[in-house]
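In what follows, a structure is listed as structure tokens, so that the remarks can point back to it.
The values are calculated or read from the model by the stated rules, or taken from the named source; none is laboratory data. Keep in mind that what you see is a predicted model, and the values were worked out from it rather than measured. FYI the Cβ positions are ideal-geometry reconstructions off the backbone, even for glycines, and counts take in every protein chain you see. What goes into the accessible areas is simple: the full protein's heavy atoms, side chains included, and nothing from ligands, DNA or RNA. Shrake-Rupley method; radii C 1.70, N 1.55, O 1.52, S 1.80 Å.
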Amino acid sequence: MNLEAWVPRALITGITGQDGAYLAEFLLGKGYEVWGMARRSSTGGLHLDRLEWLGVLDRVNIVEGDIADMSSIMRIISECQPHEVYNLAAQSFVATSWQQPHLTADVTGVGVLNVLEALRILKSEARFYQASSSEMFGLIQHQEQSETTPFYPRSPYAVAKLYGHWITVNYRESFGMHASSGILFNHESPLRGEEFVTRKVTAGVAKIKLGLEKEIRLGNIHAKRDWGHARDYVRAMWLMLQQETADDYVVATGRTWTVEHMLNIAFDHAGLKVADHLVIDPALFRPAEVDVLLGKPDKAIANLGWKPTISLEAMICEMVDADIARLKRRMRA
Ligand code: NDP
Ligand code: GDP
């Protein structure tokens with residue numbers, strides 16, 4: 001009789017990103033063996049800073065691959081034999097998707113098909129999570145967006161995500177795969193990429209506070225987003241894969257705020273005045289905007305027993321503090 005405890009194994013694509021790092025930390029905490037796919041770059045090798053920041057780098061098994069390269073995905077799945085696959089890899093920045101629409105389609109859209117096909121061809125029984133996005137609602141068709149709200153994407157990114165969402169649904173329906181799509185609304189943290197508006201603001205506030213910069217340049221500050229914390233949202237991903245049946249879930253806080261409101265929280269927290277430092281830059285407006293997003297997470301609350309625990313204010317203050325601490329460390333070095 002084998003007395004060794006069974007250890008669940010998870011494979012995360014996009015493990016070097018914000019969500020990948022928090023999900024790795026979360027799954028390690030649950031006793032998983034965690035594998036992550038990362039791609040090489042010529043400058044910094046693999047991008048492992050976030051995993052390092054959370055102190056989990058030496059506990060994950062990093063394997064080299066690219067979501068656009070099906071052979072690398074097949075090799076990794078064959079080696080890892082995962083019980084759960086979390087597909088987080090994407091070209092994830094909306095503004096860039098107008099500059100690199102083909103790459104966004106290949107990575108953010110067809111990349112999802114690559115993972116699903118690899119699982120199907122290899123006859124893997126792994127449960128699959130797809131990182132879908134509230135950006136798919138775009139030009140919103142209902143005031144509050146739920147799993148049944150029609151989609152209306154407004155960027156090449158959102159169009160690619162829509163493909164990823166529907167191919168996930170299709171593989172579930174065609175092949176009976178346990179494939180779930182999490183339609184996550186914006187979620188942030190101190191590990192958010194600096195190009196996204198919350199982190200751009202908190203990093204900018206830190207630089208102004210420490211006298212390194214005088215202004216912060218933004219585009220449309222009247223856009224509204226339903227912002228949650230990445231730590232809360234990776235828990236929802238895991239919960240989806242623990243369900244008997246795969247399904248699609250909206251994950252959101254159910255509250256929406258303007259960029260301007262978020263900006264005020266960050267500046268107030270640092271004891272600064274927005275009016276002294278903000279410059280509105282028309283070049284930062286988007287060719288097509290998503291004016292407002294507001295999620296209705298009732299299904300996730302009812303079926304998954306999930307709920308958000310971190311407020312926008314607490315999250316933005318955490319991000320400002322983390323950026324100030326990071327900058328101080330860099331200035332001392
Ligand atoms: P990040 O941009 O922080 O991370 C994206 C990850 O994808 C990185 O690990 C990146 O690697 C990897 N990646 C990019 N291109 C490739 C490629 N060709 N092959 C392999 N890996 C690649 O995104 P988040 O962590 O914030 O988001 C995770 C997922 O959730 C994404 O799919 C995103 O679109 C989606 N999403 C995010 C939301 C949010 O508010 N954060 C909301 C809804 C959906 P590298 O480090 O090398 O660049
Ligand atoms: P998105 O919802 O995935 O596009 O997340 P972002 O954080 O990139 O953008 C959120 C909103 O902030 C969008 O409506 C942007 O138009 C708006 N915004 C205003 N100024 C900026 C800016 O300078 N950078 C970014 N990234 N967004 C901005």
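Calculate, for Glu147 and Arg332, the FRET efficiency according to 1/(1 + (r/R0)^6) with r their C-beta to C-beta distance and R0 35 Å; round to the nearest 0.05.
0.10
State to the nearest 20 debye the size of the charge dipole of the stretch 108-213 about its Cα centre, where the only charges are +1 on K and R beta carbons and -1 on D and E beta carbons. Please report the intermediate quantities before stating the final value.
Values: 11 positive and 10 negative charges, 43 e Å.
Rounded to the nearest 20 debye, it is 200 debye.
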Using Cα atoms only, what is the angle between the long axis of helix 197-209 and the major principal axis of the chain, expressed in degrees (0 to 90) to the nearest 10? 40 degrees
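Mind running the shape call on the stretch 171-246? Use the C-alpha gyration tensor, a ≥ b ≥ c as the square roots of the eigenvalues: rounded below 1.5 for a/c, prolate if a/b tops b/c, oblate otherwise. Numbers along the way, then the final one.
Numbers: a/c = 4.08, a/b = 2.83, b/c = 1.44.
In terms of gyration-tensor shape, prolate.
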Tell me the trypsin sites (Lys or Arg not before Pro) within the stretch 33-88 that lie in a loop according to DSSP and have at most 14 other beta-carbon atoms within 10 Å. Arg40
Any chance you could check the Cα centroid distance between the stretch 181-249 and the stretch 268-321 for me, in angstrom? 7 Å
Candidate aspartates and glutamates for bridging to Lys299, where Cα separation is under 12 Å - those fewer than 8 sequence places away on the same chain excluded: Glu147, Asp247, Asp248
Can you give the accessible area of Val7, probe radius 1.4 Å, in Å² rounded to 10? 60 Å²
Normalised by the residues of the stretch 88-191, what does the relative contact order come to in percent, with Cα pairs under 8 Å and at least six apart? 34 percent
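If each residue of separation counts as 0.36 nm, what is the full-extension length gain between Glu213 and Asp321 once their alpha-carbon separation is subtracted?
Working: separation 108, 0.36 × 108 = 38.88 nm, distance 1.69 nm.
Gain on stretching Glu213 to Asp321: 37.2 nm.
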Inter-part distance where the stretch 79-106 and the stretch 129-167 are each reduced to a Cα centre, Å: 15 Å
Run a plain Debye calculation on the stretch 1-119 (Cα atoms as equal point scatterers, no solvent) and give log10 I(q)/I(0) at q = 0.13, 0.21 Å⁻¹, rounded to two decimals, same order as the q list. -0.51, -1.21
Once Cys317, Cys80 are ranked on solvent-accessible area with the largest value leading and a 1.4 Å probe, the list reads Cys317, Cys80
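For the chain, what proportion of DSSP beta bridges, expressed in % and rounded to the nearest 5, is antiparallel? It would help to have the intermediate numbers written out before the result.
Details: 3 of 38 bridges.
Antiparallel: roughly 10 percent of the beta bridges in the chain.
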Going by accessible area, probe 1.4 Å, with all protein chains left in place, what is the ranking of His222, His261, largest first? His222, His261
Positive end of the dipole of the stretch 174-333, charges at C-beta (+1 Lys, Arg; -1 Asp, Glu), about the Cα centre: which of Thr198, Asn186, Gln243 has its Cα farthest in that direction? Thr198
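Which percent of the Cα-Cα distances in the stretch 43-174 go past 17 Å?
Numbers: 5535 of 8646 pairs.
Distances greater than 17 Å cover 64 percent of the Cα pairs.
If each DSSP helix of 4+ residues adds -39,500 (n - 2.57) and the sum is divided by the residues in the chain, what number results at 222 nm, nearest 500 deg cm²/dmol? Present the calculation step by step, with values, prior to reporting the outcome.
Details: 11 runs with 126 residues, N = 333.
The per-residue figure over the chain is -11500 deg cm²/dmol.
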Check: the chain dipole with +1 on Lys, Arg Cβ and -1 on Asp, Glu Cβ, in debye: 580 debye
